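Presented below is the structure to which this report refers.
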Amino acid sequence: DEGTLYVSDEAAGFLRAYDLAPSGAATNPRKIAEVPHADGFAVDDDGNLYVSSSNGIVVLKSDGTLRGTIPVPKQPANCTFGGPARKTLFITAQDTLYKIELNVAGKP
């Protein structure tokens, strides 16, 4: 709903979430999860957050609860949804591009 801003504090190893007002002001900062070396983000239509990390793609509920991790052979740097139905998660990792088909569509 574009009402939340997610920010990685890579040095500290955690993610923050901020509520976004219609004016664009960020309020209510909160630490939602510890994720080592968090970098790129993607969000699916159910509100789950996909975060590239040193552990692979960490999948979190919007409140930061861990849903699971998608293992990747090389450390990922970023991820995004694409494909005809937006159910393909594309993952960049060093010199490689991975893709995985999911059951849920991602936000464009």
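The values are calculated or read from the model by the stated rules, or taken from the named source; none is laboratory data. These numbers were taken from a predicted model, which means no experiment stands behind them. Here Cβ is always computed from backbone atoms with ideal geometry, including for glycine, and neighbour counts include all displayed protein chains. All accessible areas refer to the heavy atoms of the entire protein, side chains included, with ligands and DNA or RNA removed. Shrake-Rupley method; radii C 1.70, N 1.55, O 1.52, S 1.80 Å.
Computed about its Cα centre, the charge dipole of the chain is approximately 160 debye, with only Lys, Arg, Asp and Glu carrying charge at their Cβ. Which distance in Å, rounded to a whole number, links the C-alpha centroids of segment 33-108 and segment 1-23? The two parts, judged by their Cα centres, are 16 Å apart. Under a 5 Å amide H cut-off, with hydrogens placed 1.01 Å from N, Ala105 pairs with Asp45 among residues at least 5 apart or on other chains. Listed values for segment 62-71 are Karplus-derived 3J(HN,Hα) couplings in whole Hz (6.51 cos²θ - 1.76 cosθ + 1.60, θ = phi - 60°), namely 4, 8, x, 5, 5, 9, x, 9, 8, x, and x replaces Gly and Pro. Along segment 41-54 the Karplus relation, 6.51 cos²θ - 1.76 cosθ + 1.60 evaluated at θ = phi - 60°, assigns HN-Hα couplings of 10, 8, 10, 8, 5, 8, x, 6, 9, 10, 10, 6, 8, 5 Hz to successive residues, with x for each Gly and Pro.
As a ratio to 2.2 N^0.38 Å, the alpha-carbon radius of gyration computed for the chain takes the value 1.04. The fraction of accessible area contributed by carbon and sulfur in the chain is 50 percent, rounded to a whole number (1.4 Å probe; ligands and nucleic acids excluded).
Quick check for you: with a 1.4 Å probe and neighbouring chains kept, what is the accessible area per residue of segment 1-43, in Å²? Roughly 61 Å² per residue, with all protein chains present.
Taking Arg86, Arg30, Arg16 as the candidate residues, the one with maximal mean-square fluctuation in a Gaussian network model of the chain, Cα springs under 10 Å, is Arg30. For Ala93, the residues whose amide H sits under 5 Å from its own are Ala77, Tyr98, ignoring neighbours fewer than 5 places away on the same chain, with H placed 1.01 Å from N.
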